[in-house]
Amino acid sequence: MSLVFYYAPQSTAVTVYWALQELGIPYEIVEIDLQARDQDKRGYRSLNPNGKVPLIVHDGVAIFESAAIMIHLGEMFGVERGLFPAPGLERGEAFKWIIWANVTLGEAVGRWLRSGKTDAGARTDVEARLAILDAELASKSYLVGGDFSLVDVHLGSYAGWIHSLGVDFAKLGHLTAWLRRCTARPGFGASLAA
Ligand SMILES: N[C@@H](CCC(=O)N[C@@H](CS)C(=O)NCC(=O)O)C(=O)O
């Protein structure tokens, strides 16, 4: 098995870095210097025409988009390690939350950031969508299947980033407690230090 992970610190790629720590599988890491615009080099664009990180190349197959990478790693390596649900209803829930983060939550965050954080409506939408996650976590310790999984890695990484942008989590007690549980894991610490 060969797995090459294209990474940049303080980027969406940190999510995948955390997942790889949890999985404990061997991989080669290639740092893409976004300031130096390594992502525009022809060799990189031939693997990811979007010119963005993260990207993995698994046995010669290039996979971009953090949600797709998380699902792929979960299916291939997570099930046997108890970090991703087997095919079935919980697998459907895993897809639901990972896609929701990138599409629905991400849409509001992107709109808010593109306005230079001045669009109050977008900010309200970010908070309303985080409240959906908070309500989900009112009755459970982790998002899917009762135990920590790559779904928590994906959404925990995303939620932590949103918090760092200055969104107040004071009213989101369940989300905050879950985020503390997730980010206490060594894999999270390692992803920040990388
Ligand atoms: N939808 C993509 C977004 C990836 C993305 O926006 N990556 C940023 C870093 S956070 C990037 O590589 N930017 C470089 C550029 O746009 O030149 C994903 O989830 O993987």
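The values are calculated or read from the model by the stated rules, or taken from the named source; none is laboratory data. Owing to the predicted nature of the structure, the values given are computational and were not obtained by experimental measurement. Glycine also receives a Cβ, built like all others from the backbone with ideal geometry; neighbour counts cover every protein chain displayed. Side chains included, ligands, DNA and RNA excluded: accessible areas come from the protein's heavy atoms. Shrake-Rupley method; radii C 1.70, N 1.55, O 1.52, S 1.80 Å.
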List the GluC sites (Glu not before Pro) within region 5-104 that DSSP assigns to loop and that have no more than 13 neighbouring Cβ atoms inside 10 Å.
E80
Between the alpha-carbon centers of region 44-66 and region 148-194, tell me the distance in whole angstrom.
25 Å
The ³J(HN,Hα) series, computed from each phi in region 74-88 with the Karplus coefficients 6.51, -1.76 and 1.60 at θ = phi - 60°, rounded to the nearest Hz and given as x for glycine or proline, is x, 5, 6, 10, x, 4, 5, 9, x, 10, 7, x, 5, x, x
Set the Förster distance to 35 Å, then compute FRET efficiency between A68 and A131 from the Cβ-Cβ distance, nearest 0.05.
0.85
Looking only at the chain, where both bridge partners belong to it, what percent of the DSSP beta bridges are antiparallel (to the nearest 5)?
65 percent
Surrounding net charge for S2, when Lys and Arg each add one and Asp and Glu each subtract one, Cβ distance under 11 Å
-2
Computed Kirkwood radius, in angstrom, where 1/r is averaged over Cα pairs of region 144-194
11.5 Å
Just to be sure I understand the model, the point goes 7 Å from the Cα along the line to the Cβ. What's the resulting F169 to A36 distance in nm?
3.4 nm
Cβ-Cβ cut-off under 13 Å around F77, Lys and Arg +1, Asp and Glu -1: the net charge is -3
Nonlocal Lys pairs with alpha-carbon distance under 28 Å, the chain (8 or more apart, or different chains)
8
Expressed to one decimal in nm², the mean projection of the alpha carbon convex hull of region 97-142 is 3.2 nm²
Just add up the charged neighbours of G146: K/R +1, D/E -1, any other residue whose Cβ is under 11 Å from the Cβ of G146.
-1
Please list the radius of gyration and Dmax for the chain, considering alpha-carbon atoms only, with Å as the unit.
16.6, 48
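Work out the length of the dipole vector of region 55-194 about its Cα centre, built from +1 on the beta-carbon of each Lys and Arg and -1 on the beta-carbon of each Asp and Glu, and round it to the nearest 20 debye.
Taking the Cα centre of region 55-194 as origin, the dipole is about 380 debye.
Per residue, how large is the accessible surface of the chain? Use a 1.4 angstrom probe and give square angstrom.
Value for the chain: 48 Å² per residue.
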With the dipole of region 43-167 defined by +1 on each Lys or Arg Cβ and -1 on each Asp or Glu Cβ, the option from V144, V57, F77 whose Cα lies farthest towards the positive pole is V57
